[in-house]
Amino acid sequence: MPRIRGTAFRDDDADGVRDAGEPGLPYCSVLATPGGWMIGADDQGRFEVQVPYGAYTITGQPRIHHTITTSAQAASFGFPMQIDSLNDVGYAPTPGITDLVASITASVARPGFGTTITITVTNMGTTDATVDVQLLADAIHTWTSSSVPPSTLNGNAATWNVTITAGASWQCVVSVDTPQSVLLGTPLSHTLSATTGATDATPLDNEAVWNALVVGSFDPNDKIVEPASLTPADVAAGMRVTYTVRFQNTGTFAAERVLITDTLNSDALWSTLAPLASSHANTWFIRVAFSTWCSRTSTCPTASDEPGSHGFVTFNVVPSTSLMLGESVGNIANIYFDYNEPVITNEAVFIVDEDMTVLVNEQDAMRVWPNPVGSELFASGASSGAYEVMDALGRVVLRGNAANLSRGVEVGHLPAGCYSLRLAAGATVSFCETLRACSPSRKQLRLKNQRCPIPSQVSWFLMPQQDRHGPIYRLVIGKRDRAHHLSESITFQISIRSKFCM
């Protein structure tokens, strides 16, 4: 098939011509019409896509802090293997702008195995930046090594002092171990920040957080979305959602090409797609919401090279502003190793939901594990008072001394289902933060940690329900009379982490 080829370049003198010494500009995008071909440039600014026969117009797409200096290009194809490479797109930088973007991705954490944390900082500004890159890996891990030695290392807190040229990215892969003693379901969190002495144009994306759970056996090819829920206000404001596709070559020979295809949901504005980070150099293109990512420049080893056999692609996109409260958006990816049949990932789903956050005193915050639970339930952070376990109908099925939670409480006799754990302390009830919602897709839902005293006569329970998108949960809050009947109740549909699953 014919090919459209070109280079996005930094037009330092803004004359619309690529002069000697003007470098390629990474991660720009161009649009070829008709057909709606959105083509992404690689880390050298090069782009290429195969198209059917016909005539096309190639136009550069806006890039933050830059002005396009070249006119639209025309390309026409009438015979096989024809290549039109005269499609360079110039971008003149607005001088003196600092704009860092931090991104973090981690492989799964399993007891007794190693985990890699890939941190990326991109300088989207127009001037070189001296950057302090700081990573705080979760305390459950043991630091092993990093592809770039840190300037300082204190336990799991590392700092790199680096210079990142305008338009370039800096990346480091950190290797950590997860001790065998860590329980499945234990939450973990890694935090990355990038700071510089200059004023950043968009400081909110200078920090990135990776939240996950320690797992057992797993599928190494998956897709993740963050955040898992947006409020209607977030949607209206155009808040982006970030997708990460992780893959591993578990075959018997190295893959020379890894191809990822992804049909974006109609409720995602495909024209807003922006690449953030990747494990391998790649090119990408979109044709009317069907995105394709391809890595051809390096091989993906087999699992005999365990760290090298893994890879990922991270990008974000703006959801449609027409999404309504209660709607959800699902998305899967197909991963092709060379020319084998695709590996189809899980569905990554985010929902539009009100921020009905259950609040908890930070000093009393607990961790509850494992989740789902088998025979014994453990909790940390509860040293006094009583606890109650309630089923989905709000009935108390177990009571005891909260101090026993750290040693383990037998719950194996309870029927399978969803339960809530409540701590009672005098005239208040403190709700404990646990791990995740129990649902087939394992969507991770989270709570904020703030203080919220609740009168002891007020009760709450979770009501699991099912809709066409899968399980949802409703929080019912109300008063109980002397006969323990619930009255004056109100009900909310929520994303909640205050429960554990049997």
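The values are calculated or read from the model by the stated rules, or taken from the named source; none is laboratory data. Remember, predicted model here, so these are calculated numbers, not experimental data. With ideal geometry, Cβ positions are generated from the backbone for all residues, glycine too; neighbour counts draw on all protein chains shown.
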Residue by residue through the stretch 19-65, note down the ones that are small (Gly, Ala, Ser) and crowded, with 19+ Cβ neighbours inside 10 Å. Gly24, Ser29, Ala32, Gly40, Ala41, Gly45, Gly60
Scope the stretch 1-16; condition of a type in the set (A, V, I, L, M, F, W, C) and within 10 Å of Tyr91 (Cα to Cα); matching residues: Ala8, Phe9, Ala14
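Which of the strands (runs of 3 or more DSSP E) contained wholly in the stretch 145-218 include at least 1 residues that are under 13 Å from Thr122 (Cα atoms) and acidic (Asp, Glu)?
Working: elements: 152-154, 157-164, 169-177, 187-195, 207-213.
By residue number, 207-213.
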Return the residues of the stretch 323-348 that are charged (D, E, K, R) and either at negative phi or out of contact with any strand residue (DSSP E or B) (no Cβ under 8 Å at 6 or more places or on another chain) (or both); say none if nothing qualifies. Glu327, Glu341, Glu347
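What about Thr231, is it surrounded by fewer than 21 Cβ atoms within 10 Å (Cβ to Cβ), within 14 Å of the chain's Cα centre (by Cα) and modelled with pLDDT of 85 or more?
Judged against the criteria, Thr231 is not a match.
Only one of Asp200, Asp177 is of a type in the set (D, E, K, R), in contact with a Leu (Cβ under 9 Å, 6 or more places away or on another chain) and not assigned by TED's automatic domain parsing to the domain that holds Ser375; which?
Working: Asp177 fails: in contact with a Leu (Cβ under 9 Å, 6 or more places away or on another chain).
After ruling out the rest, the residue left standing is Asp200.
Quick check on the stretch 253-278: of everything there that is among the small types (Gly, Ala, Ser) and touching a strand residue (DSSP E or B) at 6+ places or on another chain (Cβ under 6 Å), which residue is surrounded by the most Cβ atoms within 10 Å (Cβ to Cβ)?
Our first condition is that a residue be among the small types (Gly, Ala, Ser); within the stretch 253-278, this holds for 254-255, 266, 268, 271, 274, 277-278.
Imposing the further condition that a residue be touching a strand residue (DSSP E or B) at 6+ places or on another chain (Cβ under 6 Å) reduces the set to 255, 268, 274, 277-278.
Working: Ala255: 21, Ala268: 20, Ala274: 16, Ala277: 23, Ser278: 26.
Within the stretch 253-278, the match that is surrounded by the most Cβ atoms within 10 Å (Cβ to Cβ) is Ser278.
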Conditions (1) outside the structural domain of Asp305 (by TED's automatic domain parsing); (2) on the phi > 0 side of the Ramachandran plot: number failed by Gly238: (1)
Looking at Ser193, is it in the same structural domain as Leu100 (by TED's automatic domain parsing), more than 27 Å from Asn249 (Cα to Cα) and among the polar types (S, T, N, Q)? yes
Could you list, in sequence order, all residues of the stretch 234-260 that are more than 26 Å from Ser193 (Cα to Cα) and more than 18 Å from the chain's Cα centre (by Cα)? Ala236, Asn249, Thr250, Gly251, Thr252, Phe253, Ala254, Ala255, Glu256, Arg257, Val258, Leu259
Does Ile39 qualify as being more than 27 Å from the chain's Cα centre (by Cα) and either of a type in the set (A, V, I, L, M) or in the same structural domain as Ala166 (by TED's automatic domain parsing) (or both)? no
Residue that is farthest from Ser279 (Cα to Cα), among those in the stretch 299-326 that are part of a loop (DSSP other than H, G, I, E, B) and modelled with pLDDT under 70: Ser304
Can you tell me which residue within the stretch 66-90, out of those that are part of a strand (DSSP E or B), modelled with pLDDT of 95 or more and touching a Gly at 6+ places or on another chain (Cβ under 7 Å), is surrounded by the fewest Cβ atoms within 10 Å (Cβ to Cβ)? Ile68
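Identify, please: which residue in the stretch 279-298 is outside any strand (DSSP E or B) and surrounded by 19 or more Cβ atoms within 10 Å (Cβ to Cβ) and is, among those, modelled with the lowest pLDDT? Outline the logic, then answer.
Taking the stretch 279-298 as the starting set, the residues that turn out to be outside any strand (DSSP E or B) are 279-282, 288-289, 296-298.
Subset that is surrounded by 19 or more Cβ atoms within 10 Å (Cβ to Cβ): 279, 282.
Numbers: Ser279: 84, Asn282: 79.
By that ranking, first place goes to Asn282.
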Where residues in the stretch 407-427 are over 10 Å from Val373 (Cβ atoms) and not in a loop (DSSP other than H, G, I, E, B), which of them is modelled with the lowest pLDDT? Ala425
Please go through the stretch 85-106 and pick out each residue that is closer than 14 Å to Thr7 by Cβ and out of contact with any Lys or Arg (no Cβ under 7 Å at 6 or more places or on another chain). Leu86, Val89
